[in-house]
1. Just checking, how many residues over the stretch 37-54 are of a type in the set (A, V, I, L, M) and within 24 Å of the chain's Cα centre (by Cα)?
2. Out of curiosity, is G118 within 14 Å of R178 (Cα to Cα) and in contact (Cβ under 8 Å) with a residue 40 or more places away in the chain?
3. List every residue pair whose Cβ atoms sit under 8 Å apart, with the two residues 6 or more apart in sequence or on different chains, where the first one lies in the stretch 49-66 and is surrounded by 15 or more Cβ atoms within 10 Å (Cβ to Cβ) and the second, anywhere, is assigned to a loop (DSSP other than H, G, I, E, B).
4. Please work out which residue is modelled with the highest pLDDT, limiting yourself to the stretch 67-94 and to residues that are aliphatic (A, V, I, L, M) and surrounded by 15 or more Cβ atoms within 10 Å (Cβ to Cβ).
5. Inside the stretch 95-118, can you point out the residues that are at pLDDT below 95 and part of a strand (DSSP E or B)?
6. Which residue pairs have Cβ atoms under 7 Å apart, sit 6 or more places apart or on different chains, and have a first residue in the stretch 24-37 that is in contact (Cβ under 8 Å) with a residue 24 or more places away in the chain and a second that is among the acidic types (D, E) and part of a loop (DSSP other than H, G, I, E, B)?
7. Give me the pairs, please: first residue somewhere in the stretch 79-102 and in contact (Cβ under 8 Å) with a residue 40 or more places away in the chain, second residue anywhere and charged (D, E, K, R) and outside any strand (DSSP E or B), beta-carbon distance under 8 Å, and either six or more positions apart or on two chains.
8. May I ask you to list the residues in the stretch 142-181 that are part of a strand (DSSP E or B) and modelled with pLDDT under 90?
Amino acid sequence: MKKLVLATLLLISVSGFSQKFQLGIKAGANVSNFVGSDFQNASRSSMVGFYGGGFVGFYLGNHFSIQPEVLFSTQGAHVKDLSTGNEQDFKLNYVNFPVMAKYEFDGGFYLESGPQVGVNVSSSNFQDKTVRNITNGSDFGWGFGLGFHSPMGLGIGARYSLGLSKVGNANFNNPDFRNSVIQAGLFFTIFNNHMHP
């Protein structure tokens, strides 16, 4: 009897908690570049990459939620050496941890904003140097986004993330540049899609 009561209370507790959150996966394309100081004797342009990962949305009412995420993201810029004409990608791979404050309007459209911490996990080579050796191991930024989330759980979103910390370290000639990333992609949530206004 005690086991039955305990199991019932546990089920009620899990059920009550599950009514307040969503799990989701997301993936899409990045268009990234650097803002700030120019590279010495080089021009830079946007580079296309990808991102993907998962998130949890914790609802604080019917419209507002807090959404921590874990995303793998390829970022950087396409760089052209003005003296030689050589071109190559200055590419970094980050594991990013955004925490977005999200407001969802009636009908499923939403706005979001929040901080992001990134960990530089791997990179390409650039001018005979490993990019990871001339860049910082962490990155801090702020994101702004919008999108649409359907009652079925499928959604589409776009986000701009502006780096607030320097990408290059002291081993790089001109370190005062920051990440600038536009993301667009699809996501899908499970649990409580009926909560959408």
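The values are calculated or read from the model by the stated rules, or taken from the named source; none is laboratory data. None of the values given here were measured: they were computed from a predicted structure. Neighbour counts run over all protein chains shown; Cβ positions are idealised from the backbone, glycine included.
1. The initial filter retains those residues of the stretch 37-54 that are of a type in the set (A, V, I, L, M), namely 42, 47-48.
Okay, now just the ones that are also within 24 Å of the chain's Cα centre (by Cα), so 47-48.
Counting residues in the stretch 37-54 that are of a type in the set (A, V, I, L, M) and within 24 Å of the chain's Cα centre (by Cα) gives 2.
2. Working: within 14 Å of R178 (Cα to Cα): yes; in contact (Cβ under 8 Å) with a residue 40 or more places away in the chain: yes.
It is true that G118 is within 14 Å of R178 (Cα to Cα) and in contact (Cβ under 8 Å) with a residue 40 or more places away in the chain.
3. Note: pairs meeting the criteria are Y59/K20; Y59/N192; H63/F105; H63/P197; I66/L60.
4. First, pick out the residues of the stretch 67-94 that are aliphatic (A, V, I, L, M): 70-71, 77, 79, 82, 92.
Then drop every residue that is not surrounded by 15 or more Cβ atoms within 10 Å (Cβ to Cβ), which leaves 71, 77, 79, 92.
Values: L71: 98, A77: 90, V79: 85, L92: 90.
The extreme case among them is L71.
5. Result: E104, single match.
6. As it stands, the answer is G36/D176; S37/D176, since those pairs meet every condition given.
7. Matching pairs, first to second residue: L92/R132.
8. Within the stretch 142-181, the first condition is being part of a strand (DSSP E or B), and the residues that meet it are 142-149, 154-163, 168, 177-181.
Correct list: G168, F177.
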